[in-house]
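Here is the structure we will look at, set down as structure tokens.
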Amino acid sequence: MNYDNLKETCVNSKEIFNGVVAHLFIDEIILPNGERSTREYLKHNGAVAVLPLDDDGNVYIVKQYRYPFSRVVTEIPAGKLDTPDEDHLEAAMRELREETGLTSTKVTYLGEYIGSPALLGETIYIYLAEGLSSGKQDLDDDEFLNVEKIPLKMLVKMVMDGEIADGKTVYAALKVDKLRNEKKN
């Protein structure tokens, strides 16, 4: 199916803020009906996330204070790409090792997650890591988090009960649970 009738065309783009992680733009666009409008959005290099699953069905999650929400958030290990063209798998394995100290011998790509498509130009590439080995955490200087191990079933229950609101974690937990259930049947 062709969706050209939905395309918006940029006629002018202005960067309002050039930060370390995010870049704020305001673009003048032409809508599909020919009218002009504006779009404000943040550009981001993208990110990776990993659901580490051990042989006993436990997931390693991180608890991290997230400043925009003024609270600790439960998440799977994740981090930003250093450059937009950085290899996603290598970045995912780096973040897994840095945040948890874990390495993996079996990695499955789970897909892309787009958390806020109207405002944020960030894609998160999500992986399942199995065949885990423990090692030493190597956190960034400005990174503080706790690692916890919980059963995948408990993580899914927490998602379904609304205890976990982080989108990439919801996506990964439900997808991995479904894949494991399909494999059993």
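Please state which of the following conditions residue 4 fails to meet, knowing it meets all the rest: (1) farther than 23 Å from residue 80 by Cβ; (2) charged (D, E, K, R); (3) modelled with pLDDT of 95 or more.
Only one criterion is unmet by residue 4, namely (3).
Would you point out the residue of the stretch 15-37, among those that are more than 21 Å from residue 114 (Cβ to Cβ) and under 27 Å from the mean Cα position of the chain (by Cα), that is surrounded by the fewest Cβ atoms within 10 Å (Cβ to Cβ)?
Among those residues, the one meeting the criterion is 20.
Could you tell me which residue of the stretch 82-134 is nearest to residue 174 (Cα to Cα), considering only residues that are part of a loop (DSSP other than H, G, I, E, B), among the β-branched types (Val, Ile, Thr) and in contact (Cβ under 8 Å) with a residue 12 or more places away in the chain?
123
Rundown of residues vs (1) in contact with a Lys or Arg (Cβ under 8 Å, 6 or more places away or on another chain); (2) assigned to a strand (DSSP E or B); (3) under 30 Å from residue 156 (Cβ atoms), yes/no style:
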| site | (1), (2), (3) |
| --- | --- |
| 11 | yes, yes, no |
| 17 | no, yes, no |
| 25 | yes, yes, no |
| 51 | no, yes, yes |
| 55 | no, no, yes |
| 65 | yes, yes, yes |
| 72 | yes, yes, yes |
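The values are calculated or read from the model by the stated rules, or taken from the named source; none is laboratory data. Since we're looking at a predicted model, the values are computed, not measured. Backbone-built Cβ (ideal geometry, glycine too); neighbour counts: all protein chains shown.
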